[in-house]
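Asks: Pasting a structure below so you can have a look.
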Amino acid sequence: MDEVAQIREKIDIVSFIAEFITLKKAGRNFKANCPFHNEKTPSFMVNPERQIWHCFGCSRGGDVYSFLMEYERLEFPEALRMLAKRTGIALPERPSQIAQSSKKEKIYQINNLAREFYHYVLTKHSAGEKARIYLEERGVTPKIIQTFMLGFAPFTGNALTKYLIEKKLFPRQDLIDAGLAIQYTERVRDFFRGRLIFPLVDHRDNVVGFSGRVLDKNATTAKYINTRETLAYHKGDHVFGLNITKDAIRKANQVIVCEGEFDVISCFHNGISNVVGVKGTALTENQVNLLARYAAKITFCFDGDKAGQEAIKRSLLVVEKKGLMPTVIEITGGKDPDEALRLEPGLFKKAVREDTGVYDYLLAKAVAAADPETAQGKKQIADELLPLIAGIKNEIIKEHYLRKIASLLETSYDSIMKEAQHQTIKEQKVAVNTISAIKRPKEEVMEEYLLSLIIQSDDPKAITRIASARLSGYLPKERACQKILHHLLDHFAIGDTFDGQKFTHSLPTELITSYDTSLLYPLSHFEDRQKLLSEVEKAAASLRTSYIHQKMKQIAKEIKAKEQEGLEKEINELKKEYSLLASQKSQSNFPLA
């Protein structure tokens, strides 16, 4: 057995996936809302017996490797290394494997060396003295510098590139690919020059990029510049500080979202550890999905100006989609968390403890910006708030705010409700169940359902016996489910016990996917055994009727063809067969004796 198989066998897929999403028992399977698309009804299924997962809404599925790759957006080598580390299984460092290491892994490696270089310059080299003084004046301690591995990029144009190319022997193109260097005529030069450096580290401790801040507040260049988009760094995916604060976030079940790196650092220094920072303020769907792994409550701590309010509004739709609780910290004593904590730390900490519901906050801001006594002011408030309120998933909370707005504007709840319906934020509707979303023959759907009833039951032999009594002599061998049903009938004809793993090994390779799909099919729970048996009988009877109907249609075509040829004998034989099938069809829906 190779390392890939050993690792797969050592990890229980149910326990592993449960670390990322909430699973609920569903018969022999576990179910959840799919983490890969938006849905209200769970269609994501996990089977402990086969150690597989499948979503019937987006059709993704596979084993523990494929789940990790999808969830973390990894390439296979990265997923393999992560799971190997988890299981303690050593992976051989073969030259071929090293040579085939992904470009993303190489960027991580280069970025890590760059982080060490920048940190050394800041903490040990004379070139970092100005930056050290700057941080000391802002109250940033050596301990914080070490925790966040802050650094400094020298003013010289090629200090880092020279180090990485001459000392570490990296090709110049690798530095360009990592976003650390830019082509300048015939040479390359450092991208970051004369800037305080904040390493951007993901939740798996990979250095994905950097953010650089000028020291001179009167500088004419941009205050901040960031690593451009690379294979490793995507601004819309990253949150600053999560690698350091994720345990505190999980413990508090709350994540405070700030705008900048210094906001995060100041909060952390002042004992507010459940905090992260974002670029561009408005949260993206990927960022919300990431934060939702650690907390059920997202608290916005953006600047209190119009831009900050708009960022909160743009973030709300994705936060509501994920079913998280949004609140707001109203900053007092400064324009941002960093300034507030330096000037009035007590006031800011009080504001953190007294975070406000986001809709109450936005309602207060809307009322302050318009006159609720005038018709135009009422319209302005309604236009601003109703699209946001309409996006609330919880109907009780939604009604609470609609009634609150109706009362404030002195208008009827019904009129507010109608207006909210007109302005509903439209969500992309994703099919919950591909079985109904994709056009397939009715018989194929029913075959899959019947097969699921059999292999997910506690007594597959008894269920198979009922299905066999209905289908014997009628079941074709064309589609995969039909072939698997035949295999089951043959299996129980020679034995009593059913071992799912052994049975799977006996199936031809081309039938495994269909078997696994049926094993994971999201069935309703049958509390009463008799109800289950009745459901099996109905499904089998429906299939029998369908097969007979198809056969009758085929014979009718043959009769028509024979009539044109004048072949009376063959016509009479076909008519007898047709009549017999018609009689059998009429009996198909009666219960078996």
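The values are calculated or read from the model by the stated rules, or taken from the named source; none is laboratory data. In this text, all values refer to a predicted model and were calculated from it rather than measured experimentally. Note that we place each Cβ from the backbone using ideal geometry, even for glycine, and neighbour counts take in every protein chain shown.
Asks: Let me confirm something: among LYS40, LYS24, which residue is charged (D, E, K, R) and touching a Lys or Arg at 6+ places or on another chain (Cβ under 8 Å)?
Replies: LYS24
Asks: While we're on this one: Residues that are hydrophobic (A, V, I, L, M, F, W, C): which helices (runs of 4 or more DSSP H) entirely in segment 456-515 hold 3 or more of them?
Replies: Counting at least 3 such residues, we get 460-471, 480-494.
Asks: Any residue that is within 14 Å of the chain's Cα centre (by Cα), modelled with pLDDT under 90 and buried (at least 16 other Cβ atoms within 10 Å of the Cβ) - is there at least one of those in segment 74-93?
Replies: Within segment 74-93, one or more residues are within 14 Å of the chain's Cα centre (by Cα), modelled with pLDDT under 90 and buried (at least 16 other Cβ atoms within 10 Å of the Cβ).
Asks: For the subset of segment 473-529 comprising residues that are among the acidic types (Asp, Glu) and under 33 Å from the mean Cα position of the chain (by Cα), which member is modelled with the lowest pLDDT?
Replies: GLU527
Asks: If you go through segment 248-256 one residue at a time, do you hit one that is in contact (Cβ under 8 Å) with a residue 60 or more places away in the chain, crowded, with 22+ Cβ neighbours inside 10 Å and either not assigned by TED's automatic domain parsing to the domain that holds LEU200 or not hydrophobic (A, V, I, L, M, F, W, C) (or both)?
Replies: Yes, segment 248-256 contains at least one residue that is in contact (Cβ under 8 Å) with a residue 60 or more places away in the chain, crowded, with 22+ Cβ neighbours inside 10 Å and either not assigned by TED's automatic domain parsing to the domain that holds LEU200 or not hydrophobic (A, V, I, L, M, F, W, C) (or both).
Asks: Now for a separate question. With respect to LYS306, is the statement that it is under 24 Å from LYS104 (Cα atoms), surrounded by fewer than 20 Cβ atoms within 10 Å (Cβ to Cβ), over 18 Å from the mean Cα position of the chain (by Cα) and not assigned by TED's automatic domain parsing to the domain that holds HIS203 true?
Replies: no
Asks: Identify, from the list ILE110, ILE52, ILE133, the residue that is loosely packed, with under 15 Cβ neighbours inside 10 Å and aliphatic (A, V, I, L, M).
Replies: Residue meeting the stated conditions: ILE133.
Asks: Output the residues belonging to segment 516-530 that are outside any loop (DSSP other than H, G, I, E, B) and closer than 21 Å to PHE30 by Cβ.
Replies: Answer for segment 516-530, where residues must be outside any loop (DSSP other than H, G, I, E, B) and closer than 21 Å to PHE30 by Cβ: ASP516, THR517, SER518, LEU519, LEU520.
Asks: With the requirement that a residue be outside any helix (DSSP H, G or I) and surrounded by 13 or more Cβ atoms within 10 Å (Cβ to Cβ), what does segment 336-376 give you?
Replies: Across segment 336-376, the qualifying residues are ASP336, GLU344, ASP355, THR356, GLY357, ALA370, PRO372.
Asks: Being under 34 Å from the mean Cα position of the chain (by Cα) and closer than 30 Å to ASN33 by Cα narrows it down to one of LEU402, LEU363, so name that one.
Replies: LEU402
Asks: Shifting gears a bit: Every residue in segment 272-315 that is assigned to a helix (DSSP H, G or I) and not polar (S, T, N, Q), please.
Replies: GLU285, VAL288, LEU290, LEU291, LYS306, ALA307, GLY308, GLU310, ALA311, ILE312, LYS313, ARG314
Asks: Same structure again: From LYS31, LYS10, grab the single residue that is touching a residue at least 24 places away in the same chain (Cβ under 8 Å) and surrounded by 18 or more Cβ atoms within 10 Å (Cβ to Cβ).
Replies: Within the list LYS31, LYS10, the selection yields LYS31.
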